[in-house]
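Read through the structure below, which is laid out as structure tokens, and then see the notes.
Just so you know, all these numbers are worked out from the coordinates, no wet-lab data involved. Treat the numbers as computed from the prediction; the structure is a model and nothing was measured. Cβ atoms come from the backbone with ideal geometry, glycine included; neighbour counts cover every protein chain shown.
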Amino acid sequence: MSFLTGFFAVFFYVATFIFIAFTGYKIVQYVRTPAPLKIPAMPAPLTQGGVVVRLIKEVVLFYSLFRSNKWIWLFGWVFHFSLFLVLLRHFRYFLDLSNPIWFWVPLIQPFGKYASFTMIIGLTGLLIRRIYVERHKYISSPSDYLHLILLLFIAFSGCMMTFVVHTDIVQLKAFIQGAITFGLTSTGWQPIPASPILFLHLTAVFLLMIVFPFSKLLHAPGVFFSPTRNQVDNAREKRHIAPWAAKLDATRQP
Ligand code: HEM
Ligand code: HEM
């Protein structure tokens, strides 16, 4: 096995482990964090079904951002939706060629390919906002810029591979299959294609996976645990007692 194949295989394992273990840990923490008060942002849904609709609107349409600022919504939504299409297109690098490929993976390809441009447009808009809008610049920390720049770098290097300097996709798939099966299948370990732009793309992607659980990118799982978004407005019908307060109540003598 060449040095680069070994290096990227280890980098891949480390990044995947950190991403899954620490993001999982944060999610467990979110599940366990008490929400002692009823604080749904008004107007709030009156039923559990209403909460589901609210969360779907929030995650799919960025509804509350839309109501607060149309420009940020436009760039933010375009970036996230493009990222979603790009990631769906990426499934083809991880699927096993010997099994039938899910029907939607070929269908999504052209959309995912051109979504890289809209992803760059969305990210550039968000970066320009941080640099030129005085009140956003004032509250921006280095990590706010870092995430946007890292994502721009990933999108740009990806675009270069798709449209300018192609990399050997079949060989890349073989490398990934070798890595995710720990080289235990009959084909064993396969070398990573010798493509500097692919090395840059992968390095940036693995860095993003490593910073994910320690950064504001946790908003992706976090949105589902936000009490202002996931609570039912039924405080008048049902007394709200947080689970830890209920336990205290039970142990208290009358
Ligand atoms: C459930 C999925 C997600 C939802 C609902 C979501 C929603 C949002 C919203 C509403 C904003 C605020 C925009 C603003 O006011 O500035 C935002 C910002 C951001 N999101 Fe997400 N997001 C999701 C997943 C992700 C993922 C997977 C990534 C990247 C790996 C990502 C990267 C970012 C970045 C970098 C920003 C900051 C943009 C800036 O203000 O500079 N998001 N997201
Ligand atoms: C281990 C994970 C990843 C691998 C192996 C990978 C590999 C690749 C390859 C080989 C291409 C060129 C496609 C072609 O020539 O047709 C590409 C393109 C691209 N990648 Fe990745 N990538 C990974 C993760 C990501 C992530 C997490 C993002 C976004 C945050 C991303 C964003 C892009 C973009 C925007 C393009 C250009 C559009 C496209 O062809 O889909 N990649 N990637």
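Below are the figures for this structure:
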| read-out | value |
| --- | --- |
| Contact order normalised by residue count of the stretch 3-247, Cα under 8 Å, 6+ apart, percent | 36 |
| ILE180/PHE103 FRET efficiency (R0 30 Å; Cβ-Cβ; nearest 0.05) | 0.85 |
| Surrounding net charge for GLN109, when Lys and Arg each add one and Asp and Glu each subtract one, Cβ distance under 13 Å | +3 |
| Degrees, to the nearest 10: 169-180 long Cα axis against longest axis of the chain | 60 |
| Burial ranking of peptide ranges 31-42, 76-87, 8-19 (average Cβ count within 10 Å, highest at the top) | 76-87, 8-19, 31-42 |
| Spacing of the two label points (7 Å from each Cα toward its C-beta) at LEU207 and LEU37, in nm | 4.1 |
| Distance in nm between pseudo-label sites at SER143 and TYR30 (7 Å out along the Cβ direction from Cα) | 1.5 |
| Net length gained if the chain between TRP71 and ALA220 were fully extended (0.36 nm per residue, minus Cα distance) | 51.6 nm |
| Proximal lysine pairs, the stretch 3-247, alpha carbons under 27 Å, eight or more residues apart or interchain | 19 |
| ARG239, ARG54 arranged by Cβ crowding within 10 Å, fewest neighbours leading | ARG239, ARG54 |
| Charge sum, other residues only, whose C-beta stays under 11 Å from PRO40's C-beta, Lys/Arg counted +1 and Asp/Glu -1 | +2 |
| Table column - 3J(HN,Hα) (Hz), the stretch 3-11, Karplus curve with 6.51, -1.76, 1.60, x for Gly and Pro | 4, 5, 4, x, 4, 6, 5, 5, 4 |
| 12 Å beta-carbon shell around MET161, net charge (K/R +1, D/E -1) | 0 |
| Angle in degrees between helix 104-132 and the longest Cα principal axis of the chain, rounded to the nearest 10 | 70 |
| Segments 145-153, 198-206, 218-226 sorted - mean Cβ within 10 Å per residue, highest first | 198-206, 145-153, 218-226 |
